[in-house]
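The values are calculated or read from the model by the stated rules, or taken from the named source; none is laboratory data. Here the structure is a predicted model, which means the values were calculated and not measured. Cβ coordinates were reconstructed from backbone atoms using ideal geometry, including for glycine residues, and neighbour counts include every protein chain displayed.
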Amino acid sequence: MRFLHTADWHLGRVFAGFDLLDAQMHALEGLVRIAADEKPHAIVIAGDIYDRGVPPEDAVRLFDDILKRLAEVAPVLAIAGNHDSGGRIDFGRGLLRQAGVYLAGTSRDGIERVDIHDDHGAVAFHLMPYATPEQVRYELGRDDVRSHDDATRARIASAAVAGTSRHVLVGHLFAQGGRETKESERDIAVGGIATVDPAAFAPFSYTALGHLHRPHRVGTDRVRYSGSIARYSFAEEDHEKGVSLVEVDAGGSVAVRDIPLPQKHGMRTLRGSFKELRQQALADDRRSLDLVRVVVTDRIVVPGSHDILRQCYPQLLEFHHERPPAEGGAADQSMPTAVRRSEGEFLDAFFAARYPGELGDDVRVLARECMEQAIRQEDMA
């Protein structure tokens, strides 16, 4: 069994005012070519199809076009991620199955199982879209579900993991040991109650995950993130974006090969004095192609330097001033650096400052669920 594992398309994403749809289209055209060349038995999309619950129309049109072209190669199995509106992803779910497209936006009717056959029999794909512990408690009637780990184990226990020796889980979550990129991935819970122990995936030959944007395995090749299809923040500028080609043999052993996806833009950070950056631009043959973050290191910012450097680098998305150390070697503390925190980290810091040692886990879990509901409502606004 050979299948492609991709995730985190985030169609419709805008980064620092720059519309990334053309870059996403460029990468997805590459994905279609890879599918045509490799001829997999299935194509898996492990969540975050869109960047928000109500995506722009051009993002929906792009997904419609790419989905049709991929389905002409092999069955497509896709789930909703934490950025998607599961109910909207479910639209047309029954009809699309007839065309070989299996969309799972919610698991209200249980974890959908799709059997794909090769020369050795069936491989069972279990489609487990993103869900909060609160949603899982309601769906399964399990009052003991308090964390994402609890929710994942309960959902796996309810899945039909029988009838064949080869099972694949498709999920969108934060596996313990995963390498996150905080500027890119929205925190899905407070502190450690977001993480899922990879031991929960023991029943599966392979677990195809989405949510973390760097392609990597979690402990073993049997549990992997494919990563996002394009770079979505400067924290990802060193990422090699691609798609994973997974092979499951007759006995359930797994081999994985990463295939690069074409990128329309490079992404890099340039650091130096205003004069150095201007001189560097003269010899930079990619200055109009790459998405650029500039860090100016002059002690005093040259008036108008931002506008002048934007003329040198038309796709300058971020501009920062980093003062050099004061004389004597001590760091200049007159302009402290802002610390980027996730929603969960802000909530943890608030509890620690306002109610030190006073709140139990139940209150923290409830606060996390309220925060997640507020984030989902904001995405759909």
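Return the residue satisfying two criteria in turn: it lies in the range 111-156 and is of a type in the set (Lys, Arg) and part of a helix (DSSP H, G or I), and of such residues it is nearest to ALA194 (Cα to Cα).
Residues of the range 111-156 that are of a type in the set (Lys, Arg), as a first pass: 113, 137, 142, 146, 153, 155.
Filter once more, keeping what is part of a helix (DSSP H, G or I): 137, 153, 155.
Numbers: ARG137: 15, ARG153: 13, ARG155: 15 Å.
So the residue we want is ARG153.
So in the range 17-62, with the set limited to residues that are without any contact (Cβ under 8 Å) to a residue 40 or more places away in the chain, more than 19 Å from the chain's Cα centre (by Cα) and over 28 Å from VAL246 (Cβ atoms), which one is surrounded by the most Cβ atoms within 10 Å (Cβ to Cβ)?
ARG61
Scan the range 297-314 residue by residue and report those that are basic (Lys, Arg) and within 19 Å of ARG286 (Cβ to Cβ). Spell out the reasoning first.
Restricting attention to the range 297-314, the residues satisfying the condition of being basic (Lys, Arg) are 299, 310.
Matches in the range 297-314: ARG310 only.
Where residues in the range 2-16 are among the aliphatic types (A, V, I, L, M) and in a loop (DSSP other than H, G, I, E, B), which of them is nearest to the chain's Cα centre (by Cα)?
Filtering the range 2-16 for residues among the aliphatic types (A, V, I, L, M) gives 4, 7, 11, 14, 16.
Checking which are in a loop (DSSP other than H, G, I, E, B) leaves us with 7, 16.
On the way: ALA7: 7, ALA16: 18 Å.
Here the residue is ALA7.
Kindly check whether there is at least one residue in the range 84-93 that is buried (at least 16 other Cβ atoms within 10 Å of the Cβ), touching a Pro at 6+ places or on another chain (Cβ under 6 Å) and closer than 28 Å to THR132 by Cβ.
Yes, some residue in the range 84-93 is buried (at least 16 other Cβ atoms within 10 Å of the Cβ), touching a Pro at 6+ places or on another chain (Cβ under 6 Å) and closer than 28 Å to THR132 by Cβ.
Give the number of residues within the range 210-266 that are assigned to a loop (DSSP other than H, G, I, E, B) and closer than 25 Å to LEU316 by Cβ.
Going through the range 210-266, the residues assigned to a loop (DSSP other than H, G, I, E, B) turn out to be 211-215, 219, 226-233, 237-241, 249-253, 261-266.
This time we only want the ones that are closer than 25 Å to LEU316 by Cβ, so: 213-214, 228-233, 237-241, 261-266.
Summing the residues that are assigned to a loop (DSSP other than H, G, I, E, B) and closer than 25 Å to LEU316 by Cβ in the range 210-266 gives 19.
Tell me, yes or no, whether the range 166-173 has at least one residue that is in a loop (DSSP other than H, G, I, E, B), closer than 24 Å to ILE229 by Cβ and at pLDDT below 90. I'd like the intermediate steps shown before the answer.
Within the range 166-173, the first condition is being in a loop (DSSP other than H, G, I, E, B), and the residues that meet it are 166, 173.
Keeping just the survivors that are closer than 24 Å to ILE229 by Cβ gives 173.
Right, trim to at pLDDT below 90 and you get none.
No, the conditions are met nowhere in the range 166-173.
Mind listing just one residue for me: the one in the range 269-291 that is among the charged types (D, E, K, R) and surrounded by 13 or more Cβ atoms within 10 Å (Cβ to Cβ) and, of those, nearest to GLY227 (Cα to Cα)?
So in the range 269-291, the residues among the charged types (D, E, K, R) come out as 271, 275-276, 278, 284-287, 290.
From what's left, surrounded by 13 or more Cβ atoms within 10 Å (Cβ to Cβ): 271, 276, 278, 284, 287, 290.
Working: ARG271: 27, GLU276: 35, ARG278: 34, ASP284: 29, ARG287: 26, ASP290: 20 Å.
The selected residue is ASP290.
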